[in-house]
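One structure is given here, and the rest of the page talks about it.
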Amino acid sequence: EKGKWRGSYTYGYRRIMPLLEKAGYHMAEATLRRLMNELGVQPAMYNRRKNNHYSSYKGTVGKVADNLLNQTFDATSPFT
């Protein structure tokens, strides 16, 4: 299957380059990228920053403070 190096892993040029060098093949990064483009080999897309914020949040944590002000806020004009 196109784009697969081995197993179910998909590699981009950054991961293929060291493997080729280890196997004894040396080429420029641009050459490898051009060859991959010509062969239609593309890595799987992923998001490095995939929602890693607040991943452990599961509802209310700890004690909720009492509503001493009764949350009665009336704004008569903006920014007052």
Spacing of the two label points (7 Å from each Cα toward its C-beta) at ARG15 and ASP74, in nm: 6.2
How would THR10, THR72, THR31 line up from fewest to most surrounding beta-carbon atoms within 10 angstrom? THR72, THR31, THR10
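Values in this text are rule-based calculations from the coordinates and carry no lab data. Bear in mind the structure is a predicted one, so any value in this text is a computation, not a measurement. We place every Cβ from the backbone using ideal geometry, glycine too, and count neighbours over all the protein chains shown.
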